[in-house]
1. For the range 4-206, what Kirkwood radius comes out of the mean inverse Cα-Cα distance, in Å?
2. Quick one: which of 127-136, 20-29, 3-12, 62-71 comes out on top by average Cβ neighbours within 10 Å, and what's the full order, highest first?
3. Going toward the positive end of the dipole of the chain, with +1 on Lys and Arg Cβ and -1 on Asp and Glu Cβ, which of Val52, Ser17, Val116 do you reach last?
4. Assign unit charges at the C-beta atoms only (+1 for Lys and Arg, -1 for Asp and Glu), then state the dipole size of the chain relative to its Cα centre in Debye, rounded to the nearest 20.
5. Given the pairs Lys2/Lys165; Lys118/Lys175; Lys16/Lys90; Lys16/Lys165, which span a C-alpha to C-alpha distance of over 27 angstrom in this model?
6. Relative contact order (percent) for the chain, with alpha-carbon contacts under 8 angstrom and 6 or more residues of separation?
7. Charges at C-beta only: +1 for Lys and Arg, -1 for Asp and Glu. How large is the resulting dipole of the range 11-54 about its Cα centre, in Debye rounded to 20?
8. Would you mind getting me the FRET efficiency between Ser189 and Phe162? Use the beta-carbon distance for r and R0 = 30 Å, nearest 0.05.
Amino acid sequence: MKGIFITIEGGDGSGKSTQIDLLMSYFSEHGFNVLLTREPGGTPISEKIREVILDSSHMEMANMTEVLLYAAARAQHVAEFIKPNIEQGKVVICDRFVDSSVVYQGYARGVGIDAVEKINSYATLGLLPDLTILLDLPPDLGLSRKKNQQALDRLELASDAFHLKVNEGYRLLAKRHQSRILTVDATNSIETIHQIILEAIKPLLSL
Ligand code: TMP
């Protein structure tokens with residue numbers, strides 16, 4: 001069987017972790033060899049790059065530095081972890097992928113969607129997810145959830161206007177890639193969202 005590559009996207013606090021846990025349980029209970037990973041991160045080198053990117057003392061980081069660090073972490077992640085596991089027939093679930101860079105850096109930071117897509121097509125050697133689940137939540141709701149949870153990292157500390165742009169960017173991207181990106185209204189209950197996601201992955205399981 002060919003492996004499956006699923007990515008989960010959404011603004012900060014959109015409920016990705018909860019849905020990822022439920023999806024992981026579903027695949028495990030149905031006998032799939034499933035692996036969970038995340039970006040930025042997923043390999044020792046990429047996790048080190050993650051620390052540099054998210055360090056809240058690095059407020060002076062230039063936008064292009066940010067783009068290239070994410071892409072560098074991703075290149076290592078694809079080469080060392082994602083691609084080999086998909087080739088071995090496994091299900092790989094990744095918490096964020098290229099779409100996050102296109103939205104956060106390309107659109108919200110203003111580096112440019114096309115530039116960020118191009119840089120990332122080098123980094124990933126053109127690898128695209130079979131399915132991307134986008135949890136769509138109004139940004140004020142997402143952030144207030146996060147603020148109740150923990151200390152915020154450098155990106156979560158960005159202005160409300162930035163998070164609004166993130167939301168707008170995701171919606172735009174979902175329109176551009178309708179066959180790959182499934183948008184789910186994240187104001188639904190946890191169980192409803194899970195069922196919508198299961199319906200969307202069923203066609204992939206018979207590949
Ligand atoms: P997380 O909180 O989902 O682990 O993500 C960490 C932060 O990194 C989050 O604010 C989104 C941001 N991010 C980007 O800006 N670009 C990217 O390419 C990725 C993967 C994450």
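1. Working: mean 1/r = 0.0582 Å⁻¹.
Taking every pair of different Cα atoms in the range 4-206, averaging 1/r and inverting gives 17.2 Å.
2. Packing order, densest peptide first, comes out as 3-12, 127-136, 62-71, 20-29.
3. Comparing the listed Cα positions along the dipole, Val116 ranks first.
4. Details: 21 positive and 26 negative charges, 72 e Å.
I would put it at about 340 debye.
5. Lys2/Lys165
6. Relative CO of the chain lands at 32 percent.
7. Values: 4 positive and 6 negative charges, 20 e Å.
Value, rounded to 20: 100 debye.
8. After rounding to 0.05, the efficiency reads 0.60.
The values are calculated or read from the model by the stated rules, or taken from the named source; none is laboratory data. Just so we're clear, the structure is a prediction, and the values are computed from it rather than from any experiment. Don't worry about glycine lacking a Cβ; one is built from the backbone with ideal geometry, like all the others, and counts go over all protein chains shown. Ligands, DNA and RNA are excluded from the accessible area calculation, which covers all protein heavy atoms including side chains. Shrake-Rupley method; radii C 1.70, N 1.55, O 1.52, S 1.80 Å.
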